[in-house]
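See structure below.
Read-outs throughout are calculated quantities, based only on the coordinates presented, and are distinct from any laboratory measurement. As the structure is a prediction and not an experimental result, all values here were calculated from the model. Heads up, the Cβs are rebuilt from the backbone with ideal geometry, glycines too, and the neighbour counts pull from every protein chain shown.
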Amino acid sequence: MPQSATGPVPWRGHLHVWPDHWQVVGRLLPNDPHCHISASLLVGLEGEFLLQCDGRQRRTRAALVAPDVVQALDPLGGTLWVSQLDPDCPLWRRLMGRLDGDVSVDLPLPQHWPSPASGTDCSAMAHWLEAYVTRLEGVVTPLDERVAATCRQLRDTLPDRLDLAALASRVGLSGSRLSHLFRHDTGVSLRRFLLHLKLNRALACWQPAMTLSQLAVDAGFYDQPHLVRTAREMYDALPSAYVLAGGFEVCRCQSR
């Protein structure tokens, strides 16, 4: 990972994980281009940060990035408030109209936001995010119910392998039709959605004494290299870079 343009900054903060999204407040590492499946809602709490989307770089204080978009981030030494919203998350469905067909857009700053020392309370984090989304939202874009049912099924069962035929049969579609409809409505493939859910489970399962090998098994990955490869592809970060190194406190939140 590259160092910030302002020099090395210790990474630390608070990570809050919900079933369909997570939030972090803290000092993050700069990262190289990567492509995760969640939408990114990014706010610089102390100043601008550098955001690169699809090869175009800009400075901004607040931005929204669509799912499955190649992106890179340099906090420039500042503290960020980052929300990663799953493609089926209601909060994202309320925001996606803001993009108006683009992959990323700058946003007005929230009227209130977490201070750099905040982020220890799930209720407060949920309140800040809900208030900001309410200010930004326009026309809500609902999911096709068959796509929503498929998302629920994958979340509930988190299978080792993707059984497209079985998933399609449950909602009365062919495999090819479900694949097309799922990508159209969420912007991502079924396979990548399942991998993303497994990464989320890795965050939810993590305990300070766990090895990466045990974490990979508990989260449903084939082995440790599979977990590491997926984490690098989607976030340009190994789990050890943040939570396993002890720089971030992790809070598992159950409801907004």
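Tabulated data for the structure shown
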item	result
Point-to-point label distance, residue 163-residue 58, nm (Cα→Cβ direction, 7 Å offset)	4.6
Cys with no candidate disulfide partner in the chain (beta-carbon separation under 4.7 Å rule)	35, 53, 89, 151, 205, 251
Stokes-Einstein D for region 55-99, Kirkwood Rh over Cα pairs, 10 °C, 1.306 mPa s (µm²/s)	129
Burial ranking of peptide ranges 20-29, 222-231 (average Cβ count within 10 Å, highest at the top)	20-29, 222-231
Cβ crowding within 10 Å averaged over residues, with 88-97, 166-175 ranked highest first	88-97, 166-175
Gyration tensor (Cα) of the chain, equivalent ellipsoid semi-axes in angstrom	28, 22, 17
Modelled FRET efficiency - R0 35 Å, residue 32 with residue 252, Cβ distances, 0.05 increments	0.75
Förster radius 22 Å - calculated FRET efficiency between residue 99 and residue 48, Cβ distance, rounded to 0.05	0.60
Solution diffusion estimate, µm²/s, Stokes-Einstein, region 44-183, Kirkwood Rh from C-alpha pairs, 10 °C, viscosity 1.306 mPa s	92
Separation of the residue 217 and residue 149 label points, Cα + 7 Å toward Cβ, nm	3.7
Radius, Kirkwood style, for region 145-232 when every pair of distinct Cα atoms is counted (Å)	13.7
